[in-house]
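The values are calculated or read from the model by the stated rules, or taken from the named source; none is laboratory data. If you're wondering where the values come from, they're calculated on a predicted model, not measured in any experiment. Methodologically, a virtual Cβ is constructed for each residue, glycine included, from the backbone with ideal geometry; neighbour enumeration extends over all protein chains shown. To get the accessible areas, we keep the full protein, side chains included, count just its heavy atoms, and leave off ligands, DNA and RNA. Shrake-Rupley method; radii C 1.70, N 1.55, O 1.52, S 1.80 Å.
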Amino acid sequence: MKYFIETYGCQMNVHDSERMAGLLESSGYEPAAGDADADLVVINTCSVREKAEEKLHSRLGHIKGMGRATGHFPVVAVAGCVAQQEGSRLLERSNVIDLVVGTQRLKMLPMLAAQARVQRQQDVSTATRALAAIVDVSTPYDEPSFPLGLARHADAVKAYVTIIEGCNDYCAFCVVPYTRGHERMRAKAEILADVRAAVESGRREVQLLGQIVNHYQAPDDPHCDFAGLLEAVNNVAGVQRIRFASPHPRHASARLIAAVRDLPAVCKHIHLPVQSGSTPVLQRMRRRHTREHYLDLVAKIRADIPNIQLSTDIIIGFPGESEAEYQETLSLVDAVRFSCIFSFKYSVRPNTLASKKMPDDVVADDKTRRIREIQLLQRRIQLELHEAMVGHRVEVLVDARSQRRDWEVSGRTTGNTVVNFPGHADWVGRFVEVAIRRAGPYSLWGEVV
Ligand code: SAH
Ligand code: F3S
């Protein structure tokens, strides 16, 4: 039996796919190259923004087309946030889907897939197609542990390690608390065991994942908060780089800043989602931080940690965003000079506070103009930041060979900047020193010294 998993969305989803791959392989499946040779296709969906959700439907259409053209009908499973959100409605809407598995029920995938295969031999109606218990937000969730060593790390250099599942913050725009449930902390002992296993398998870098990572409090160690966890991971022999996504500005303590500054393995990069530069918009978003608080925090971080790189997430056109409020976001981006931003046009998400109470009233043309303007400003800033690096030397962890040129490899600096340079495929996983020769808005080019 062969499986193929297609993943949309965030690192958390990428890691869930690694976990599902591990579960399937331990029950006898092998990886397939694509739909055409797969007995089981898993679509791991994302519903954080409207566009992300549309992809599921075009993907299902493609599988249906393949079936008609070639007579190959793999068992189709839908997992991830759309699965959690839509549940049985998906089975009703599409006869291509055999089973739906919610975000808290990944461990049931092999069993459900086996069940679906049996059903395939019989009459398959919506009523009999498998539906993994879609957990209602009002009922207790699975506890967040996962068997040690089972996840199949897709990346040769870095390993994702989940530290927190779910979120209790209910930002007005965000579907995550509804699709991933309430916040649950993983035991520190289990996290460290995962980190050790990752290092033993040759991974150099560990990425700690959670919706609000800096909210971490170890359930098995009352003295261990997120800064404490960073220290514990830093002390695992063989861990050479630690990244984390994402902290919330509200919980960015002096202890956290000191940990990033002082722990040698912790990368000098913080992804700190701001969402908007306007305090009234942040209030309507229920973000619980203000523009001033964010700018103060940035100043503190920059004063404490030399060469720290900051990146962020921004939503354009949140309900009621006036031209003046949008200009505040633009001016914040201009002032902070992030190394990278992820900007999104606001879209209404089911169940959220904004969907119930705040009409999506910023017209599409304004959203488009505003996001273009922000992205253009950011592109200029990135080009300036990158050009300032030309002539300098940086340490790079090689993480991939180039897709386009077989004599080229790429890697990242501690600040998360992508650097391309001539090199061999077997350098992947090594640290090298690179002299920067050329800069573009999205990456740097150089030569190994
Ligand atoms: N807590 C997570 C956020 C998950 S959602 C983290 O810190 O990484 C990822 C990003 O998607 C958010 O930071 C936000 O910028 C964007 N986003 C979430 N909901 C959105 C919506 N309804 N419309 C547009 N962008 C949204
Ligand atoms: Fe979403 Fe806000 Fe939590 S962005 S994941 S509700 S911190």
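When region 358-383 is filtered for residues that are in a loop (DSSP other than H, G, I, E, B), more than 16 Å from ligand 2 (Cβ to nearest atom) and open to solvent by 30 Å² or more (accessible area, probe 1.4 Å), the ones remaining, listed by number, are Pro359, Asp360, Asp361, Val363.
If the condition is being more than 15 Å from Leu23 (Cβ to Cβ) and either outside any helix (DSSP H, G or I) or open to solvent by 30 Å² or more (accessible area, probe 1.4 Å) (or both), then region 89-101 contributes Arg89, Glu92, Arg93, Ser94, Asn95, Val96, Ile97, Asp98, Val100.
Within region 85-116, the residues that satisfy the criterion of being in contact (Cβ under 8 Å) with a residue 40 or more places away in the chain, more than 20 Å from Val48 (Cβ to Cβ) and either polar (S, T, N, Q) or in contact with an Asp or Glu (Cβ under 7 Å, 6 or more places away or on another chain) (or both) are Ser88, Ala116.
For residues in region 299-327 being touching a residue at least 60 places away in the same chain (Cβ under 8 Å) and open to solvent by 30 Å² or more (accessible area, probe 1.4 Å), which is nearest to Pro249 (Cα to Cα)? Looking at residues that are touching a residue at least 60 places away in the same chain (Cβ under 8 Å) and open to solvent by 30 Å² or more (accessible area, probe 1.4 Å), I get Asp313. Scanning region 328-357 for residues that are open to solvent by 30 Å² or more (accessible area, probe 1.4 Å), away from ligand 2 (no atom under 15 Å from the Cβ) and in a loop (DSSP other than H, G, I, E, B) turns up just one, Arg337. Restricting the first member to region 165-182 and to residues that are free of Cβ contacts under 8 Å to residues at least 40 places away in the same chain, and the second to residues that are open to solvent by 10 Å² or more (accessible area, probe 1.4 Å) and more than 10 Å from ligand 1 (Cβ to nearest atom), the beta-carbon pairs closer than 7 Å and six or more apart or on different chains are Asn168/His182; Asn168/Glu183. One residue alone among Val195, Val199, Val161 is within 16 Å of ligand 1 (Cβ to nearest atom) and either touching a residue at least 40 places away in the same chain (Cβ under 8 Å) or not in a helix (DSSP H, G or I) (or both), and that residue is Val161.
The strands (runs of 3 or more DSSP E) found entirely in region 1-88 include none that carry 3 or more residues being open to solvent by less than 30 Å² (accessible area, probe 1.4 Å), more than 19 Å from Leu150 (Cβ to Cβ) and of a type outside the set (A, V, I, L, M, F, W, C). With respect to the stated conditions, Glu200 fails to be modelled with pLDDT under 95, surrounded by fewer than 18 Cβ atoms within 10 Å (Cβ to Cβ) and outside the structural domain of Val82 (by TED's automatic domain parsing). Being small (Gly, Ala, Ser) and closer than 11 Å to Ile163 by Cβ is the filter here, so list the residues in region 204-231 that pass it. Within region 204-231, Gly210, Ala218 qualify. Checking each residue in region 181-222 for being of a type in the set (S, T, N, Q) and touching a Leu at 6+ places or on another chain (Cβ under 8 Å) picks out only Asn214. In this structure, Ala245 does satisfy being within 16 Å of ligand 2 (Cβ to nearest atom), open to solvent by less than 20 Å² (accessible area, probe 1.4 Å) and among the hydrophobic types (A, V, I, L, M, F, W, C). The set of residues in region 217-229 being open to solvent by less than 40 Å² (accessible area, probe 1.4 Å) and either within 22 Å of Ala156 (Cα to Cα) or acidic (Asp, Glu) (or both) consists of Asp221 alone. Does Ile164 satisfy the criteria of being away from ligand 2 (no atom under 16 Å from the Cβ) and surrounded by 19 or more Cβ atoms within 10 Å (Cβ to Cβ)? In short, no. Of all residues in region 250-273, exactly one satisfies the criterion of being buried (at least 22 other Cβ atoms within 10 Å of the Cβ), within 13 Å of ligand 1 (Cβ to nearest atom) and more than 16 Å from the chain's Cα centre (by Cα), namely Ala252. You will find that of His424, His386, the residue that is out of contact with any helix residue (DSSP H, G or I) (no Cβ under 9 Å at 6 or more places or on another chain), open to solvent by 40 Å² or more (accessible area, probe 1.4 Å) and at negative phi is His424 and no other. Screening the candidates Ile341, Ile305, Ile381 for the property of being within 16 Å of ligand 1 (Cβ to nearest atom) and modelled with pLDDT of 95 or more yields one hit, Ile341.
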